[in-house]
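Asks: Handing you this structure, nothing more for now.
The values are calculated or read from the model by the stated rules, or taken from the named source; none is laboratory data. This structure is a prediction, so every number in the text was calculated from the model and none was measured. Every residue, glycine as well, gets a Cβ built from its backbone with ideal geometry; the counts of neighbours run over all protein chains shown. Note: accessible area is taken over every heavy atom of the protein model, side chains too, but ligands, DNA and RNA are not part of it. Shrake-Rupley method; radii C 1.70, N 1.55, O 1.52, S 1.80 Å.
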Amino acid sequence: MKEFTSEELSSFNGKEGKPVYIAFEGKVYDVSKSHFWSKGVHMGRHVSGRDLSSEIAAAPHGTEVLTHYPIVGILQEEKARELRHLPLSLQNLLRKFPMVRRHPHPMVVHFPIALLMASSFFLLLHLLFKTHSFELTSSYLLILGILSSPFAIGTGVFTWWINYRLKLTHFIRRKIQLSILLLVLEIILVIWRVSAPDINHPFYFMMIFLLAPVVALLGYYGGQMTFPMER
């Protein structure tokens, strides 16, 4: 069976009529017939012609998808380069548990998004129907959303460090700006509630309702990084 070096594998990227090859755990697969790899790039982020072992292992689908494609060779053993910017102990952890590389942030980030948007929604119901239970529900959701936000931001920074080497891309820059805005809003709301002013004040309503578009945009930019729109 043919042996590929990383340099040789990089030429099989689907460009200029060449087939699309990817490597996984030392084996080289021909995925040219997959419409997901028709342009040599999968989901706008996974580039063919290289070793995708850690990315595939951390993907939402199982590795069984590769059984549908022929093995055309093996990849010569080389020390992984993509994790060299990390401490050795963390490299070993990520190789042993690849899901840690991608999954912590998506698993956590949905909580503040859902909770804070729901808080705005229940406050709107309170204003429409003048029902105290709606305002109380909004308050509890606000507290839970604020408590979950640091975990979402922390795992986001962790993922940014591991997968993007702290590079300031367009989407990362927007997410940082929105995260700072979200923290400012949450701090203001905490101070407002602790100082026990009138929660029916228009300023309080404005702060709560502003949470919804902020977390929605955070989710949008995060989604664009993971599942970019086709151009």
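Asks: With r as the distance between the Cβ atoms of residue 71 and residue 180 and R0 = 45 Å, compute the FRET efficiency 1/(1 + (r/R0)^6) and round to 0.05.
Replies: On the way: r = 48 Å, r/R0 = 1.06.
For residue 180 and residue 71, the calculated efficiency is 0.40.
Asks: Turning to a different aspect of this structure: Could you rank the peptides 117-128, 1-12, 20-31 by their average count of other C-beta atoms within 10 Å per residue, with the highest value first?
Replies: Values: 117-128: 18.4, 1-12: 14.1, 20-31: 20.6.
Highest to lowest by the protection proxy: 20-31, 117-128, 1-12.
Asks: Given the -39500 (n - 2.57) contribution per DSSP H run of 4+ residues, what per-residue ellipticity at 222 nm results for the chain, rounded to the nearest 500 deg cm²/dmol?
Replies: Details: 8 runs with 132 residues, N = 231.
The helix-only estimate for the chain comes to -19000 deg cm²/dmol at 222 nm.
Asks: Can you compute log10 of I(q)/I(0) for region 80-127 with the Debye formula, treating each Cα as one identical point scatterer, at q = 0.13, 0.14, 0.17, 0.20 Å⁻¹?
Replies: -0.50, -0.53, -0.62, -0.72
Asks: I'd like the orientation of helix 104-129 relative to the chain: the angle between its Cα long axis and the longest Cα principal axis, in ° from 0 to 90, rounded to 10.
Replies: Roughly 30 degrees, rounded to the nearest 10.
Asks: Right, another one. Could you do me a favour and compute the accessible area per residue for the chain, 1.4 Å probe, result in Å²?
Replies: Numbers: 13640 Å² over 231 residues.
Accessible surface, normalised per residue, equals 59 Å².
Asks: Taking just the alpha-carbon atoms of region 1-125, what radius of gyration and Dmax come out, in angstrom?
Replies: Cα radius of gyration and Dmax of region 1-125 are 18.6, 66 Å respectively.
Asks: Full extension from residue 188 to residue 128: what is 0.36 nm times the residue separation minus their Cα-Cα distance, to one decimal in nm?
Replies: On the way: separation 60, 0.36 × 60 = 21.60 nm, distance 2.44 nm.
Taking 0.36 nm per residue and subtracting the Cα distance, the gain is 19.2 nm.
Asks: Calculated FRET efficiency, residue 18 and residue 97, Cβ-Cβ r, R0 45 Å, to nearest 0.05? Don't jump to the answer; show the numbers that get you there.
Replies: Details: r = 34 Å, r/R0 = 0.77.
Between residue 18 and residue 97 the formula returns 0.85.
Asks: About the Cα centre, and with charges only on the beta carbon of Lys, Arg (+1) and Asp, Glu (-1), how big is the dipole of the chain? Nearest 20 debye, please.
Replies: Details: 23 positive and 16 negative charges, 67 e Å.
Magnitude of the dipole: close to 320 debye.
Asks: Also, quick follow-up: Which of the lysines could a cross-linker span from residue 18 if the Cα-Cα distance has to be under 20 Å and same-chain partners fewer than 8 positions apart are dropped?
Replies: Correct list for residue 18: 2, 27, 33, 39.
Asks: Counting just the Cα atoms, what span does region 1-60 cover along each of its three principal axes? Round to the nearest Å and put the largest first.
Replies: 30, 26, 17
Asks: Sort out for me the Cα centre separation of region 135-157 from region 82-108, rounded to whole Å.
Replies: The distance from the Cα centre of region 135-157 to that of region 82-108 comes to 25 Å.
Asks: Which of 119, 157, 131 sits closest to the plus end of the dipole of region 73-231, meaning its Cα is farthest towards the positive end, when Lys and Arg get +1 and Asp and Glu get -1 on the C-beta?
Replies: Most positive-ward Cα: 157.
Asks: Kindly report, to the nearest 10 Å², the accessible surface of residue 159 as traced by a 1.4 Å probe over protein heavy atoms only.
Replies: That residue has around 20 Å² of solvent-accessible surface.
Asks: With a ≥ b ≥ c taken as the square roots of the eigenvalues of the C-alpha gyration tensor of the chain, please select rounded if a/c is under 1.5 and otherwise prolate if a/b is larger than b/c or oblate if it is not?
Replies: Working: a/c = 3.26, a/b = 2.57, b/c = 1.27.
Since a/c reaches 1.5 and a/b is larger than b/c, the shape of the chain is classed as prolate.
Asks: Using a 1.4 Å probe over the heavy atoms of the protein chains, calculate the carbon and sulfur portion of the accessible area of the chain as a whole percent. Spell out each step's value before the answer.
Replies: Numbers: 9180 of 13640 Å².
So the carbon and sulfur contribution to the accessible surface is 67 percent.
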